[in-house]
Amino acid sequence: MNPVNGMGKGLRSWLRPRPAVPEAPQQVRNATRDTLLSARLEKARTGAARRKGLLGRSGFAPGEGLWILPCESVHTFFMRFPIDLVYLDRALRVKKVRHRVGAWRVSACFTAHSVLELPAGTALATRTQPGDQLEIVPAAPDTVA
């Protein structure tokens with residue numbers, strides 16, 4: 001067998017699109033303060049999902065949150081509601097918090113790896129601040145819609 005043909009088959013297999021595996025519902029906890037930031041966390045991992053973010057929505061449902069990764073800056077152009085931003089490093093330690101960011105703003109934290117977008121007032125209500133350790137855990141069955 002020609003080794004080049006074998007490599008081509010392996011490469012085609014590796015490049016073949018794989019079906020999306022639905023993720024189990026998750027929530028975000030502030031382990032430092034023992035508080036819940038989001039009972040239903042949505043992830044934006046693809047380029048299209050990160051670009052869209054919350055655009056087109058009229059608000060968050062109670063307990064919702066959006067985790068954009070990787071991400072070190074966001075804009076709120078065309079947003080219809082204010083949000084809290086919690087910037088995280090790779091270990092899910094809080095690097096920066098921005099409260100009630102309104103429309104037509106830009107925010108960045110160049111040492112962050114990802115950002116949580118939460119309903120306005122969430123960071124203040126949970127006392128989340130830089131240095132806090134967050135954790136992503138499976139959502140409780142009663143919080144999953």
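Nothing in this text is a laboratory measurement; each read-out follows from the coordinates by a stated rule. No experiment lies behind these values; they were computed from the predicted model shown. As a convention, Cβ positions derive from the backbone with ideal geometry for all residues, glycine included, and neighbour counts pool all protein chains shown.
So here's what we get for this one:
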quantity: Spatially proximal aspartates and glutamates relative to LYS52 (Cα-Cα < 15 Å; intrachain offsets below 8 disregarded); calculated: GLU42, GLU117
quantity: GluC sites (Glu not before Pro) within region 60-121: DSSP coil, no more than 14 neighbouring Cβ in 10 Å; calculated: none
quantity: Coil-residue trypsin sites (Lys or Arg not before Pro) of region 54-125, DSSP, other Cβ within 10 Å capped at 16; calculated: ARG57, ARG80, ARG90, ARG105
quantity: Region 23-143: C-alpha gyration tensor shape, a/c 1.5 cut-off, then a/b vs b/c; calculated: rounded
quantity: Those chymotrypsin sites (Phe, Trp or Tyr not before Pro) in region 51-145 that DSSP places in a loop and that have at most 15 other beta carbons within 10 Å; calculated: PHE77, PHE78, TRP104, PHE110
quantity: Residue (of ALA61, GLY47, LEU36) at the positive-pole extreme of region 23-143, dipole from beta-carbon charges; calculated: GLY47
quantity: Net dipole in debye of region 23-143 [+1 Lys, Arg Cβ; -1 Asp, Glu Cβ; about Cα centre; nearest 20]; calculated: 400 debye
quantity: Residue order, fewest to most surrounding Cβ atoms within 10 angstrom, among SER114, SER107, SER58, SER38; calculated: SER58, SER107, SER114, SER38
